[in-house]
Structure formats: structure tokens, C-alpha cells
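The values are calculated or read from the model by the stated rules, or taken from the named source; none is laboratory data. Here the structure is a predicted model, which means the values were calculated and not measured. With ideal geometry, Cβ positions are generated from the backbone for all residues, glycine too; neighbour counts draw on all protein chains shown.
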Amino acid sequence: MIKINRFEKEQAYPVHAGTILGMKAFSEQMKPPFEHLYGHLESNGIMDGSRRGHSHATQEIYIVMRGEGIMILDDEEAPVKTGDVVEIPANASHTMENRSGKPLTWLAIWWS
């Protein structure tokens, strides 16, 4: 049987103080060797509610699945769009902003 996982807004739940919706990308049966979460940001919003963002002690990768947004990493910002892969260094402050007027969805992967 082919197992296909995709972000479904109806199955997602609030994360990052309710500023985005999140949903696991891989089933429990897969037991991936990393942590993961789809992130979804509606139009004209910012994850964490602030450009200051958040940080982790480990590296993280964001893969933009749908839409366009702004990746804010420490004091830099760059536009991102579907297909982009963003490398986030350990301890770097980061967040995503959506100014596009359309939803933005990405897959976050990190090692704990």
C-alpha cells in the first residue's frame, strides 16, 4: 500500500503560541531519526508573533512546500518560495513571515 502524507489544515493544531498551525509529516510507524512538523501560516501573519523569532540548540531545515514568505534569520531576511530549502544554524534566531495574502506551508526537520 502506498502511504501518502500531506498537510491538511483540518487535522493541524496550533503551535508556536497559536501563531501557526502544525501537523506531523510522517506517521508513527515510520519512526524517523529526526523530529519534524509541517508549519502553516495564513496570509499576512508571522510565526511567534514577532520578528525576534525563536532558536534551538540544534540545526533545523525548512522546506517550503507551498506559497511565498520571508525567512528571518538573526538580523537578515530573505524571500522564500515553493521548493526552497532553508538551512538554519543551531542557536540562530529564526521565524517565518507571510506578507503574500496567500497561505504559506513548510516542512521543518530538526535533530534532537
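Listed values, structure above:
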| read-out | value |
| --- | --- |
| Residue in region 47-69 that is farthest from Lys102 (Cα to Cα), counting only those that are within 11 Å of the chain's Cα centre (by Cα) and aliphatic (A, V, I, L, M) | Ile61 |
| Single match in Asp84, Asp75 (criterion: more than 22 Å from Gly18 (Cα to Cα), charged (D, E, K, R) and modelled with pLDDT of 95 or more) | Asp84 |
| Test: residue in region 26-47 that is at pLDDT below 95 and closer than 11 Å to Thr95 by Cβ | yes |
| Strands (runs of 3 or more DSSP E) wholly inside region 40-112 containing at least 3 residues that are in contact with a His (Cβ under 8 Å, 6 or more places away or on another chain) and surrounded by 16 or more Cβ atoms within 10 Å (Cβ to Cβ) | 68-73, 104-110 |
| Hits in region 18-39 - residues which are under 19 Å from Pro103 (Cα atoms), without any contact (Cβ under 8 Å) to a residue 60 or more places away in the chain, part of a loop (DSSP other than H, G, I, E, B) and hydrophobic (A, V, I, L, M, F, W, C) | none |
| Of all residues making up region 1-39, the number that are of a type in the set (Val, Ile, Thr) and either within 17 Å of Gly69 (Cα to Cα) or surrounded by 15 or more Cβ atoms within 10 Å (Cβ to Cβ) (or both) | 3 |
